[in-house]
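The values are calculated or read from the model by the stated rules, or taken from the named source; none is laboratory data. Every value quoted in this text rests on a predicted model; they were computed, and no experiment measured them. Counting neighbours? That spans all protein chains shown, and the Cβs are built from the backbone with ideal geometry, glycine included.
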Amino acid sequence: MKNLLSKDKTKRIKSRIVHLSFERVLFLLFIATFTLLVIVQAAMTNPTVRTFLTADNEMAGTPLGVEEFLYEEGSISLKLVSEESDPDLRVLINGDEVAAFNENIVNISVKDGDVVEIDGSSSFKEAKVEIVSKSENIATDCIGKMVNIRSNIKKVTDIRVETQADQNKN
């Protein structure tokens with residue numbers, strides 16, 4: 001009976017050792033794979049090393065620059081009706097300043113979905129701004145639209161630009 005207990009005990013010890021060594025192998029394999037992944041990704045940031053690590057660089061493509069192929073542009077003209085010029089009165093497109101009323105009429109380029117606003121928050125004068133012209137590809141009916149500015153930001157219009165396909169349908 002003594003022999004049976006010792007054999008059973010040794011089997012349990014061996015199974016624990018095998019179990020612990022399997023977990024250890026998995027852990028070390030994970031650490032090695034993760035380290036290799038970090039090293040390869042760091043090496044990919046260097047263009048000369050990247051040529052040796054990748055099979056085809058043609059798939060990377062070229063950057064677009066200023067979205068030149070994605071959107072068609074149009075233009076609108078804004079006229080300051082109440083004053084000659086007011087450099088403190090600014091034109092915003094999507095919240096970014098693009099022009100100021102240094103002259104009586106300001107021409108701006110717009111894309112589909114742009115929101116045109118007038119920022120008079122730094123101007124102390126009351127002003128009236130009117131849209132006097134637009135390019136043919138702008139579908140928004142905005143000519144003649146007028147806004148009054150009193151030291152605030154006022155939305156003038158939302159822009160909808162027709163693509164060539166839309167214009168050909170009509």
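Here are a few things to note about the model shown:
- Contacts under 6 angstrom Cβ, first residue in the stretch 139-158 being farther than 23 Å from Pro87 by Cβ and touching a residue at least 12 places away in the same chain (Cβ under 8 Å), partner part of a loop (DSSP other than H, G, I, E, B) and basic (Lys, Arg), 6 or more apart: Ala139/Arg160; Thr140/Arg160
- Set side by side, the residues Lys134, Lys128, Lys111 differ, and just one is over 20 Å from Glu72 (Cα atoms) and either in contact (Cβ under 8 Å) with a residue 40 or more places away in the chain or in contact with a helix residue (DSSP H, G or I) (Cβ under 9 Å, 6 or more places away or on another chain) (or both), which is Lys128.
- Output for the stretch 101-140, where each listed residue is part of a loop (DSSP other than H, G, I, E, B) and either farther than 11 Å from Val161 by Cα or not assigned by TED's automatic domain parsing to the domain that holds Val81 (or both): Asn102, Glu103, Asn104, Gly120, Ser121, Ser122, Ser123, Phe124, Lys125
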